[in-house]
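Just below is one structure, and these are the notes that go with it.
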Amino acid sequence: MLEIEGLTKTFMRGGLLRKSAPVTALRDVSLTVAKGESFGLVGESGSGKSTLARCILRLDQPTSGRILFEGQDMARLSPAAMRRLRARIQVVWQDPYASLNPRMSVHDIVTEPLVVHRAAIGLDSRGRTERAARILAQVGLGPQHLHRYPHEFSGGQRQRIGIARALVTEPALLLLDEPTSALDVSVQAQVLNLLVDLQARLGLTYFFISHDLSVIRYICDRVALLHRGELVEQGPTDTIFDAPRHEVTRTLLAAMPEVVVPD
Ligand code: ADP
């Protein structure tokens, strides 16, 4: 589904100071995510995880290398083909407080991607509302919530709304950028279980970014380790956890808290 080949990303200005040196955030990164798989990308802060996510979403342009989605080179698509493709890749951000517009109702938040991608999806206003209600039900929220506002919800409920917004275009690939790390531990478990359940029910492919190895172990089939912009190790989750080969992996595992297994 997703193939990343020799991806390098260099920021020419490495920070706020105009004269600072270039920063290579990703160096020759290659990985493949199969359809229906839950792929985990782990790395410490500053290792390049967000830059890789931004390159997949075309919010950043790679300096070199290719990203193929369903066999198509994303850099070579026409603007119309790109719009169709972007409806099939959605994202759940880390912070459900910052990522939901406080002035928009749940209805408008969840249907916004349908409006943005209306050329690709083609639902009228009534169809969009029906779709929003159906998707909200899938994340465990009733239709009475459609006309409420983000401040009326708890953190876990807000992240459910964020997940509904990501699912509303019926994407094939969901990019999850630390989707539970801003939540309380008990709520984290509920949201993780929801994500596991949704993946099985909807046949989704996950690209799951986290610095939390216990979360990755719980949810991912395969995992890759990013360290200072380079992929130092990747493989099936059990293999990486039971027999890590790279020193960085071993160090991260040694620092890992007891695995919290959600109910
Ligand atoms: P992570 O998500 O793993 O914390 P990032 O992808 O945010 O890591 O950052 C990787 C490196 O790239 C860091 O050194 C960061 O300072 C640098 N970086 C990220 N975005 C920019 C940018 N827009 N301009 C300059 N440097 C950046």
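Take 174-186, 126-138 and order them by the average number of nearby Cβ atoms within 10 Å per residue, most first; the result is 174-186, 126-138.
Within the chain, antiparallel bridges make up roughly 50 percent of the DSSP beta bridges whose residues both belong there.
Cut-off is 10 Å between beta-carbons; in what order do LYS9, LYS35 appear when sorted fewest neighbours first?
LYS35, LYS9
When only alpha carbons are used to place a centre, the range 39-65 and the range 181-256 end up 16 Å from one another.
Please list the helices of the chain that count as membrane-span-like by this rule: a mean Kyte-Doolittle hydropathy of at least -0.5 together with Cα atoms stretching 24 Å or more along the helix axis, each helix being a complete DSSP H run. Before the final figure, lay out each step's value.
Numbers: long enough: 185-202 (25 Å, 0.92).
Sorted by number, the helices that extend far enough and score high enough are 185-202.
Taking a ≥ b ≥ c as the square roots of the eigenvalues of the Cα gyration tensor of the range 2-85, is the shape rounded (a/c under 1.5), prolate (a/b larger than b/c) or oblate?
Values: a/c = 2.31, a/b = 1.46, b/c = 1.59.
Since a/c reaches 1.5 but b/c is at least a/b, the shape of the range 2-85 is classed as oblate.
Report note on the peptides 190-197, 116-123: ranked by the mean count of other C-beta atoms within 10 Å, highest first, their order is 190-197, 116-123.
Kirkwood hydrodynamic radius computed over the range 192-257 comes to 12.7 Å, based on all pairs of distinct alpha carbons. Electrostatic bookkeeping for SER181 treats Lys and Arg as +1 and Asp and Glu as -1; over the other residues with beta carbon under 10 Å from its beta carbon, the sum is -4. For the pair TYR149 and ARG126, a Förster radius of 22 Å applied to the C-beta separation gives a FRET efficiency near 0.50, rounded to the nearest 0.05.
Bear in mind these aren't lab numbers, they're just calculated from the coordinates by the rules spelled out. From a predicted model like this one, the values you see are computed outputs, not experimental measurements. Note: ideal-geometry Cβ built from the backbone for every residue, glycine included; neighbour counts use all protein chains shown.
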